[in-house]
Every structure is written in structure tokens, then in C-alpha cells.
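Values quoted throughout were computed directly from the atomic coordinates according to the rules given, and no laboratory measurement underlies them. Predicted model only: the values in this text are computed from it and were never measured. Don't worry about glycine lacking a Cβ; one is built from the backbone with ideal geometry, like all the others, and counts go over all protein chains shown.
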Amino acid sequence: MNVFLQNDKKKIKTSTASIKDNHYLIINSNGNIKFISKGFLNGAHTFEENRSIAVGLSPKNQIVFKQKIYDALNTQDTVIFEFTISINSRPHLFKITLYPFFINEAFVNATFETVNKEKELHLKRFKDTYIHSVDAIIWIDPFSKDVIFSNPAFEKITGYSEKEILDKSFFMLIPESEKNKGKKEFSELRKNKSIVSDTVIITKKGNELPVEISANVVTSENDSPYIVCVLKDQTALAKAKKELKANSTRYEAVLDNSKIKICQFDLQLKLLWTGSSNDVVTSKFLTEKDYGLKIKEIINNESGINIHHFMNEAIKSKSTEFGSFPIMYDKEWKVVEIYFTPVIEKGKTVGLNAVFLNISDQKRIEDKLDHFVYRAAHDLRGPITTIQGLIQLIKDQDKENNYTNMLEETVWTQDMHLQKILAYYYNQKKELNVLPIDFDKITHQLNAFVGNSGYNICISTNNAIRKTIHSDGERILLLFKNICSTILQNVSRDIQVKVNIELKEIKNGIYLSFEDNVSPKDSFDSIHNRNGSTEYIHNDFSKGIFITTDIIEKLKGKYQVKYSKKRTQKLEILLPDLK
């Protein structure tokens, strides 16, 4: 037993406590650090002088360290123990020796000596990860194919404990119908080092369990190679696939005839299965050759990437998602409408069911119809413009002829409807043409447009925009025209219409408002939003309201409709600077 050192400096200098190691702490009986050696642990520690040894230690380690200090002082003898401290988020094991001594009060000299067991600590963490994994994991001898390790998750899905499966051949789990396939795939590990395969294993109860096996060969310098297999239970997906296949018989007339595809993807968004008909020649889109591929690998363009993100959204939301995409896969599959439904088992998403509808023909018909409407409207405007010119000549010669005024008003109304059609086509088909905007010119053109309408309309404009704004000037003019013509459609020509237009600058864009005195609160189909204001809905096609909202959307803007106490309508629009 060591005797407590008294106030003898000679003894202190020659004691092993002071020369044993350069890495040491002097700690009093209360657990406070009184001295830290120079270069202690190369500065990679949380200890501080005149503070408790507990600072920077976990609650468990605090108790252990303080108990060892108490033991050293109580027994007046050296105490040696191993202690783990995290340095830079990595565990380090130290052999700690506590030397008790006394100089006016009781102290211990705690020396720290590194123990080279970092590999063992990492191995423990590594094994803990395997043990707590939700997926079944086994290690297999690459030569005998015997199981050399299994985790608790493996026992959970198969019923075999680690003792029961240890040193047993992996292929005892594989049914006879799958063994040749399994052996062939495992032989590929010699060349590829990793495989992924869907197969079936036999549980301890004799049931067939569909699984996905990911196998990788692991090698190290000082260890023989072994195979790590991760087995994922595919029961839920297999059940959903069975239901899809059962239902596919009723869809044989439409499956694989370039109109519809019913298929399934796993949680990694790889294609597992696609429906097919026995009698109809299959198309090249989504066939067995695509199994194991992601949709962005099958559709090798921007739409493939967008659909891949769309699938992720369906998995996150755990709800059915649908959308349309121009995939341009081949001459048959150009545009699709897609429905994704997550496969959910016990609250957990395990895959996706998908329906791809080929709407290429529908899109082609819509394009032709759009083009026909545009040409018809354009051709009709020619004669109308000629008639308007002739009317002006007649009016100059016979200014009191009311029939001429009626004819002019009728022609203007017809022209207004045709311009709405042209505005719709332009907005749908033309790309944004971003240029500096002259709002004075736009308001002048608007006044000229409504000036020939025959309506008693007065437009007052307050333009407070001084900075240069970049946007699509043609679309903004179409927007102004459509808003005003929609207002005029609510009244007869004998009613005075007042429209106040306000334009002002806001941060990163402009504010526009159109307030009139004739639109009653229920004149437009609308809905109230959460702020108490009103938004248009898009079912009033006769008045062309949807054209206004479509143009605003194309200009990347926002809008809302407000009503004053006098029941006047105010349409507010925010448009960004598109520079």
C-alpha cells in the first residue's frame, strides 16, 4: 500500500505519480481539477482547471470517475481502470491510474495512457448497428455458403435464431424451385462483388416468404472474405402485386395496346412488375426488360427526372398523386397521365402501384383543335376589320345614322370575342418574350380598344411606375383588354362604366388594380379564400375569366378580388420583374 505523501518536496519529485506520464490531471477530493499537464491529450479534451472533472463527461462516466477517485482516497492505494472518452466524436480508450497523495489536503494524480483498442470499439459499434437493424442481415462463408452470423431481425422474419442457423447452409432456406437460380446468382459474386435479387425463402414454420436479397462480398487485409446479405421482407409488395395481376385479366383488352400500363415499383423506385396481355402485341414501353430500372433510367430525359421526383412526393405524402408529363418515349408514347398510389403495410410505405395512361392522341387532337380555333378566329377577324373600316367611312358621310352605330357596336362585340380566342391561343402557345415594358403605351392601346366599343366607358389611369420593369408586354396588353372586355360584358351600352386603373412599384415587381362601378359581388363565379378576399374559379368560360387567370399565371403573378362597402369590385394583381 502506498503511504500518503506529506509536504516533502523531495518525495514528490521522485514519486512515480509525477513522472509516470506527461498526460495527467491533479484532482482534489471534491472532484475538482487543480492542474492539467502541458500538452494533455494534445488539447483534444473538455477538462478545465478549477472546474469539476464531470464537465464534458456523460452522466454515467461522471459517476464512474468520481467513484474511482473516492476508492483511491479511501483505500490510500493506487486504482487502475479503463475509461472511454469521446474526442472529436470518436471513442478513445484510456488506461487511467489514480495515485493518491496529500499536500495540505487529499489529491489524486490521474495519469492517462492510450489503449489501442479503437478497432475493437468500432467493431462493437458496427455489430450494434447490425443487431439493431430493422432489416434481416446474415453473414455467409463465400466458400461453403454456411451462415456465420445472423441478427435479431433475421429471426423475426424467418423464425430461426442465430444458434439454429449457425453453420447451416444458406440454401437450406431456398425452395427447390429457386435453388438453381440462387446458386447461379451467388456465383456472380466472384466477378461482380454484389448482387440484388428477388427470391423466396422458407421460414421455420415452412411458409414461403418473398424477400429482396442484397449480397456483397466484404474483404479486409487481416481477415478472410465473407458475404453480407441484407434480406428485405417483400410480403406487402407481393400481396399488392398478386392483386394487380389478378385484376389485370379484366384489363387484357387495354393492357399493352399503347393506351395503358399498370405496374409496380419498390421503395427504391425500381420497376418490379408490369401488366401484360397474352393476346395483344406488347409495346416497348415498360416491359420486363425494364425490371430493376428506375423510371429516370427508362425515360432518359427531363420528364423522367421529374416523374422520379413525383414518385418521391407520393411516397412522402402516403397518398395518391397524379399528373401529366410529355415523356416523348417513342412515336406511340409521347404524353402520359400518371397515377401513383403508395403500397402501405402497417403504416409504412413499402412501394408504389402506378397507372400510366397514354394521352398522346388526346394531346394531338387538342393541338389540332387549338390550331383550328386560332385559324378560324384569325380568318374571321379579317372581314370584320374591313367592315369596321367601311363603317367609319359611312359615319363620316352620315353622322346621324343610328343603324350604322348599331352595326359598329355589333361588329366590335364580335371582334372582342375573337380577340379573346386569339389571346387564349397566344398565351397557351407562345413563350414568354421578356422586354422592358412601356405602361403608358399599353394604357393608350387599351383606351383605343374600348373607344370603338360603343360603350359609355371612362378609364382613368394612375401610373406611378418610374423604374424599368421587364415582362411580356404583349401578354400584359392582352390582360388589360380581357379584364375590361369582361367588365363590359356585364352591362348594356346605355350604362356609364367607370374603371380606375392603378399601377405602382413594389419590391421585385409591380402592383396593378382594376376597380369598376358595375360588377356586382356575384357577377363572377368566385370563391372566398382564407384572407376573406375572393378568387376566380375557372368554370365561367363564356366570359373568358379563365383567360385572365391563365395570363397572370403565365406571367408568374398572383391575384385576388376585393369588394368595397359600396359593392364595387377591385381586382388586384402582383406581377414580378422577370429580368
Open item on the list: Using each residue's phi in the stretch 443-450, evaluate 6.51 cos²θ - 1.76 cosθ + 1.60 at θ = phi - 60° and report the 3J(HN,Hα) Karplus result to the nearest Hz, with x for Gly and Pro.
Closed with: 5, 5, 5, 5, 4, 5, 5, 7
- [ ] Please give the net charge around ASN500, taking every other residue with its beta carbon less than 10 angstrom from that of ASN500, where Lys and Arg add +1 and Asp and Glu add -1.
- [x] -1
Task: In the stretch 471-521, the trypsin sites (Lys or Arg not before Pro) that fall in loop regions by DSSP, at most 11 other Cβ within 10 Å - done: LYS507
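For a protection proxy built on the mean count of beta-carbon atoms within 10 angstrom, sort 291-304, 431-444 highest first, please.
Packing proxy ranking, top to bottom: 291-304, 431-444.
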- [ ] With r as the distance between the Cβ atoms of ILE103 and THR219 and R0 = 60 Å, compute the FRET efficiency 1/(1 + (r/R0)^6) and round to 0.05.
- [x] 0.60
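So what's the stretch 120-238 giving for Rg/Rh, alpha carbon basis, Kirkwood Rh from the mean inverse pair distance?
0.95
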Task: Simple spin-label estimate for VAL196 and ILE131 in nanometres, 7 Å along Cα-Cβ - done: 3.0
Task: Label point distance in nm, ALA464-ILE344, each placed 7 Å from Cα along Cα→Cβ - done: 5.0
Task: Candidates per GluC sites (Glu not before Pro) in the stretch 133-192, loop by DSSP, up to 16 other Cβ within 10 Å - done: GLU188
Open item on the list: Classify the stretch 138-192 from the C-alpha gyration tensor, please: rounded if a/c falls under 1.5, else prolate or oblate depending on whether a/b exceeds b/c.
Closed with: prolate
Open item on the list: Given points 7 Å out from each Cα along the Cα-Cβ axis, report the LYS205 to LYS504 separation in nanometres with one decimal.
Closed with: 7.3
